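Enquirer: Pasting a structure here, questions to come.
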Amino acid sequence: MSARVKDLQAQGIAILDLTAGEPDFSPPKCAEEAAIKAIHEGRGRYTAAAGTMELRKAVATQIERELGMVYDPKQIVITNGAKIGIAQALMVLVESGDNVLIPTPCWTSYPEMVKLAEGEPRLVECDSDLLPRVADLEAARDERTAALLLNSPCNPTGMVFPKALLREIGEWAVANGVRVISDEIYSTLTYGDAKHVSPLHAAPELQKTSVWIGGMSKAYAMTGWRMGFLAAPLDIAKAISKVQSQLSGSPNSISMLASLAAIEHADADRDAMCNAFERRCKIVVSALSKMPGVDCPNPSGAFYAFAGVKSFLGKTCSETGRTVHSGDDLVELLLEADHVATVAGSAFAAPDALRISFATSEKVLQESMKRIAARLAKLS
Ligand SMILES: Cc1ncc(COP(=O)(O)O)c(C=O)c1O
């Protein structure tokens, strides 16, 4: 979709782009300054494969303060982005022929990462409220189920999984020897009454078997800095660090120093960004709720809304004459006729939907919502 958007923009067409998977904010100034200082001081050298002890300690402290989980800094591995952290954790935890449960809608990369680790991704559909259920996970589980990938707040749905549900899932996982890889990259972005809880906090026994994932990309708008973290039982952390030492080697040393500065000094930047996302979320939720036929459980985290559009399938646009057979068709129609770019649910293993990112200005969101509503009203 981003290639299509660029193509149209190159033709001089102004596109309202709701596809972004990254915050449209600048990184905290203190992180930028720390990076520049680090470069001038010649700190751009290799470090230990698991990252500097200074940053591992800071991450452990932050996890304890914000999520209530206690880890020894030796259990923390700094990775070159959360993405490679998840992939490396899968390489360590999944044996050839194992399967990994993935609630859907899910982030595009999970099933592919599982396959790269020689596992079988088992997609488990969430309920109509876009939350996973233990009964469905249990139905998909067998003796080769090695892990469950959880992602709350969720990309693409914006759902924040409630603590009671996480406890139930966590206790089920512990009882059945299923490890959890908990991708909490959006943990600082929650809105209204929603509060992020780690499944490893909701069901503390999980900390003995499972892997927590976090990072700088979303919380601090530092996507290109490629900084992720994971926390795991010591033997697993060591194994992941060994894999990392063979694959990418030590994490980016300049980014580690910048991340340290941000973790220690940029809470205010983080909160300001979160407040801006919350205002945008309200704009999107309020507009979607007024569109008849759109099914969208209210998002309360990350920066996405996931709009179910099943009721429009088979309908024809009175203006363009085009019939919408799938979420992909609707995305195409909105792009071509209204110059609004969204991402089709098929990218997230949930085809009858589209993802709307609110990592863009309130003005763009308001105009986009107007155009989407007008287009949907023309489908009959
Ligand atoms: C659910 C989820 N996990 C992980 C990542 C990757 O984060 P990073 O930039 O730290 O690799 C993303 C990025 O879009 C994401 O949406």
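Enquirer: How much length is gained on full extension from Lys195 to Lys290, taking 0.36 nm per residue of separation minus their Cα-Cα distance?
Expert: 31.6 nm
Enquirer: If the label point is 7 Å along Cα→Cβ of Ile39, which residues in segment 250-271 have backbone nitrogen under 13 Å from it?
Expert: Counting only backbone N, you get 254-255, 258.
Enquirer: Based on the mean of other Cβ atoms within 10 Å per residue, sort peptides 264-271, 314-321, 86-93 so the most packed one is first.
Expert: 86-93, 264-271, 314-321
Enquirer: Please work out how much length the chain gains when fully extended from Gln11 to Lys163, using 0.36 nm per residue of separation minus the C-alpha to C-alpha distance, in nm with one decimal.
Expert: 49.9 nm
Enquirer: By the scheme Lys and Arg +1, Asp and Glu -1, what is the net charge of all other residues having a beta-carbon under 12 Å from that of Gly85?
Expert: Surrounding charge for Gly85 is 0.
Enquirer: For every helix of n ≥ 4 consecutive DSSP H residues, a contribution of -39,500 (n - 2.57) applies; sum these over the chain, divide by its total residues, and give [θ] at 222 nm rounded to the nearest 500 deg cm²/dmol.
Expert: Mean residue ellipticity, 222 nm, calculated: -13000 deg cm²/dmol.
Enquirer: With the crude spin-label approximation of a point 7 Å out along Cα→Cβ, what separation in nm comes out for Lys29 versus Glu336?
Expert: For Lys29 paired with Glu336, the spin-label model returns 4.8 nm.
Enquirer: Which entries of Lys290/Lys310; Lys195/Lys218; Lys282/Lys370; Lys83/Lys115; Lys6/Lys370; Lys163/Lys282 show an alpha-carbon separation above 21 angstrom in the structure shown?
Expert: Too far apart for the 21 Å limit: Lys6/Lys370; Lys163/Lys282.
Enquirer: Determine the shape class of segment 169-300: with a ≥ b ≥ c the square roots of the Cα gyration tensor eigenvalues, call it rounded for a/c under 1.5, and otherwise prolate if a/b is greater than b/c, oblate otherwise.
Expert: Note, shape of segment 169-300 comes out oblate.
Enquirer: On to the next question. Which whole-Hz ³J(HN,Hα) couplings does segment 324-330 yield from phi under the Karplus relation 6.51 cos²θ - 1.76 cosθ + 1.60, θ = phi - 60°, glycine and proline marked x?
Expert: Per residue, the Karplus-derived 3J(HN,Hα) values read 9, 9, 7, x, 4, 4, 5 Hz.
Enquirer: Also, quick follow-up: Which semi-axis lengths, in whole Å and largest first, follow from the square roots of five times the eigenvalues of the Cα gyration tensor of the chain?
Expert: On the way: eigenvalues 243, 131, 66 Å².
Over the Cα atoms of the chain, the ellipsoid semi-axes are 35, 26, 18 Å.
Enquirer: Work out, step by step, the length gained on full extension between Ala272 and Asp129: first 0.36 nm times the residue separation, then minus their alpha carbon distance; give nm to one decimal.
Expert: Between Ala272 and Asp129, full extension yields 48.6 nm more.
Enquirer: While we're looking at this one, here's another question. Add +1 for every Lys or Arg and -1 for every Asp or Glu among the other residues with Cβ under 12 Å from the Cβ of Cys274, and state the total.
Expert: Working: positive: Lys218, Arg270, Arg279, Arg280; negative: Asp267, Asp269, Asp271, Glu278.
Combined, the nearby Lys, Arg, Asp and Glu give 0.
Enquirer: Can you return the lysines within cross-link range of Lys37? Criterion is Cα-Cα under 19 Å, with same-chain partners fewer than 8 residues away left out.
Expert: Lys29
Only the coordinates and a few stated rules stand behind these numbers; no lab work does. Keep in mind it's a predicted model, so treat the numbers as computed, not measured. With ideal geometry, Cβ positions are generated from the backbone for all residues, glycine too; neighbour counts draw on all protein chains shown.
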